[in-house]
Amino acid sequence: MKTASDLERMLNAIDRKSYPAYKDLRGQYDFGEYIFSIDHVQGDPFASPSRVSLRVLMEKAKFPQEYLAEKHKRVTLQDHLTRLFGEAVRKGSFQAKGSGKSGLLAVSKCGQEVLERTACCITDKEIIMRFEIGFPANGRSVNARELNKILFKIVPECTKKTLYYASIDQKALRTAIELCEDQEYVRKNLSDMGLCVFIADGSVLPRQSGVSQKPLEGAVPFQAPESLKVTMNLPCRGPVTGMGIRRGITLLVGGGYHGKSTVLQAIQDGVYNHISGDGRELVITDRSAVKLRAEDGRSISSVDISPFINHLPNGKDTTRFTTEDASGSTSQAAGLMEAMESGSRLILMDEDTSATNFMIRDRLMQQVVSSGEEPITPFIERVNSLHKDLGISTILVAGSCGSYFHVADTIIQMKEYVPMDVTGVAKSAAAEYMEFETPRSKFPIYLVDRVPLRDRKLLQEERIKIKNFGMDQIAIAKNNIELRGLEQLKDEEQTRALGYIVKELLVRVFDGRCTLAQAVERMDNQIEEQGLESLFARGDVTASLALPRKQEMLAAISRYRGLQF
Ligand code: ADP
Ligand code: MG
């Protein structure tokens, strides 16, 4: 293998040559303390920065073996080191100067969640850190001196400070690892305790603002009502009390602005682990939970929505319902059936973002428009059988609709940000108000065998371009997929990963035999076994990705407008 001094020599030799001469530097170099690799070189100073990586052997980095033993700890260690290394290189960014992106240094920016990323991969053998460098230019020519400063001064310093156990704050790392052990413990034990959510007392749920996910200062800390209090015996922190939401149907009610949606938001984000100091560290939700909302205009391909929608006026089949432009109610029905297809055991909905006619039909409306004329069986008539027959729980924010009192198992009122168990009061009030009878019918039989076909048109493309536009949209060879409705996507890198995943499904995994759910399962297993890196066609990693859940994978592919069955 070439060495650092070879690299220095090669770099000197191309000084002041035209910018593409940088391409000659591609390859791996032994720096003694680590192997440095130039994986992709940008075409010009204004293009996306060059992609590089470095490998530190574990026998030198010396992180404790126990931190690598289990997956969740390893992911936490990866996250922790990405943050440390990221902070260090940000300080070193643009210290080398030049035109365009010259001197930029960047690593994946981690938010409040702990996610698996391509940025850092740790095995028993080594730590791989992947990042970007804007190779410095003078106008349009190579500036060897400035790149020399980055490669031989800034990067080695950042590495030394952050990727060796001996040089980092070991206590902070231990805190992070212990937290993830506690989080893992709660998530594992929820189901056995008959729960789908745990919110520890003292949690801080509201966020600073719509654009900041940091905790709101001076917020009212969460305090569980006595009747819903449970104690979790955490392996590291010891006993912690909090509110346990039992499986079944739970309503969150209360006056406007009393904090209902904030609780639901924390619950939907609780499918991920949060970092220490976030306020939601011990808000833990069933990992398969899906937040549903109405999503007018989305595409639906061959979904059986007949448990909710039948006898459409245009005679359209609702057992294999297909549309390029869904209504609020059909989109929500399809979203629910797809969530079930993805193996979700918990559905989350907020009345404010739901289609009213999907949720409810009141007495008066039933009298005027007979059920024979109404294609929709509202969710309220199915929510009990969804739980009893299929084991799927629901948590619903209901600010205005009291009918759900009849079907709920637990009713929690938010009052000035404090939850109160009002199940008894609400149930007896409802009993006197027989506006609605609890339906007893079973959840109808529905089709579960969507078998997607490989996308032949896409296969004919010479090179399939994958793009993402922020967090909300991806494009596969110019076919846009709108993901704004997937509220549980938390990071742009997850969206980018979904682009790669959707492409893989369309051109490789779909084979006309396996079902959509099986295909997604295969994809999920592949990533579990071979890492996110396995999404790249060639061995070299060329993008920063973060892992989305299976639920988002299925939701994303379901919104692809060219999906064929
Ligand atoms: P609702 O859905 O009941 O109308 P929201 O959940 O939207 O209410 O909350 C209303 C406002 O109150 C938001 O601006 C939110 O940030 C703030 N808020 C929510 N929970 C708390 C809390 N525990 N302490 C302080 N402010 C809070
Ligand atoms: Mg609200």
Revision key, fill the gap. Using alpha-carbon positions, the gyration tensor of region 316-366 gives root eigenvalues a ≥ b ≥ c; with a/c under 1.5 called rounded, otherwise prolate if a/b exceeds b/c, else oblate, the class is oblate
Review point. Looking only at region 314-347, which residues have a backbone nitrogen under 19 Å from a spot 7 Å from the Cα of Asp389 in the C-beta direction?
Key: 318-321, 333-347
Revision key, fill the gap. Measuring from the longest principal axis of the C-alpha atoms of the chain, the long axis of helix 4-13 (C-alpha) lies at a number of degrees, nearest 10, equal to 70 degrees
Practice item. Compute the FRET efficiency between Thr231 and Arg9 as 1/(1 + (r/R0)^6), taking r as their Cβ-Cβ distance and R0 = 45 Å, and round to the nearest 0.05. Key: 0.10
Review point. Which whole-angstrom value gives the distance between the alpha carbon centres of region 465-495 and region 203-275?
Key: 28 Å
Point to revise | With Cα atoms, 0 to 90° folded angle of helix 260-269 axis to the chain main axis | key: 50 degrees
Check your understanding: Contour minus end-to-end for Thr123 and Glu66, with contour as 0.36 nm per residue of separation and end-to-end as the Cα-Cα distance?
Key -> 19.3 nm
Revision key, fill the gap. Note on the chain: contact order normalised by length, alpha-carbon pairs under 8 Å, 6 or more apart, percent, works out to 12 percent
Exercise for review: Could you please put Glu528, Glu432 in sequence from largest to smallest accessible area, using a 1.4 Å probe?
Suggested key: Glu432, Glu528
Review point. Based only on Cα atoms, what Rg/Rh ratio does region 343-410 have, Rh being taken as Kirkwood's radius?
Key: 0.97
Practice item. Any chance you could tell me what percent of the C-alpha pair distances in the chain go past 40 Å? Key: 33 percent
Review point. With each label point set 7 Å from Cα along the Cα-Cβ vector, what nm distance links Glu87 and Met58?
Key: 2.5 nm
Check your understanding: Given H placed 1.01 Å from N in the peptide plane, which residues other than close sequence neighbours of Val283 have an amide H under 5 Å from its amide H?
Key -> Ala200
Review point. In nm, to one decimal, how far is the modelled label at Thr241 from the one at Glu374, with both set 7 Å along Cα→Cβ?
Key: 4.4 nm
Review point. Do any of Lys101/Lys149; Lys97/Lys149; Lys467/Lys490; Lys23/Lys467; Lys291/Lys457; Lys73/Lys171 go past 22 Å between their Cα atoms, and which?
Key: Lys23/Lys467; Lys291/Lys457
Point to revise | Derived scalar couplings ³J(HN,Hα) [region 75-85; Karplus, 6.51 cos²θ - 1.76 cosθ + 1.60; whole Hz; x for Gly, Pro] | key: 4, 5, 5, 4, 4, 4, 5, 4, 5, 5, 5
Point to revise | Table column - 3J(HN,Hα) (Hz), region 153-161, Karplus curve with 6.51, -1.76, 1.60, x for Gly and Pro | key: 10, 5, 4, x, 5, 4, 5, 4, 6
Practice item. Might you work out the accessible area of Cys236 for me, using a 1.4 Å probe with all protein chains in place, and round it to the nearest 10 Å²? Key: 50 Å²
Revision key, fill the gap. In whole Hz, the Karplus estimates of ³J(HN,Hα) for region 356-372 (6.51, -1.76, 1.60; θ = phi - 60°; x where Gly or Pro) are 4, 6, 7, 7, 7, 9, 7, 3, 4, 5, 5, 5, 7, 9, 5, 5, x
Review point. Quick one: of the DSSP bridges fully inside the chain, what percent are antiparallel, nearest 5?
Key: 75 percent
Check your understanding: So how do Lys457, Lys427, Lys478, Lys109 rank on accessible area, 1.4 Å probe, biggest first, that is with the largest at the start?
Key -> Lys478, Lys457, Lys109, Lys427
Point to revise | For region 48-172, the Rg and Dmax computed from alpha carbons only, in angstrom | key: 15.2, 50
Exercise for review: Note the angle between two axes, namely the Cα long axis of helix 516-530 and the longest principal axis of the Cα atoms of the chain, as a number of degrees from 0 to 90, rounded to the nearest 10.
Suggested key: 30 degrees
Review point. How big, on average over all directions, is the shadow cast by the Cα convex hull of region 285-434, in nm²?
Key: 9.9 nm²
Revision key, fill the gap. A chain fully extended from Ser276 to Arg440 at 0.36 nm per residue, minus the present Cα-Cα distance, gains in nm 54.5 nm
Check your understanding: In region 319-425, which chymotrypsin sites (Phe, Trp or Tyr not before Pro) fall in coil by DSSP and have 11 or fewer other Cβ atoms within 10 Å?
Key -> none
Exercise for review: Compute the distance in nm between two label points, each set 7 Å from the Cα along the Cα-to-Cβ direction, one at Glu533 and one at Arg145.
Suggested key: 3.7 nm
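The values are calculated or read from the model by the stated rules, or taken from the named source; none is laboratory data. None of these values were measured; they are calculated from a predicted model. Methodologically, a virtual Cβ is constructed for each residue, glycine included, from the backbone with ideal geometry; neighbour enumeration extends over all protein chains shown. Please note that ligands, DNA and RNA were not included when accessible areas were found on the heavy atoms of the full protein model with its side chains. Shrake-Rupley method; radii C 1.70, N 1.55, O 1.52, S 1.80 Å.
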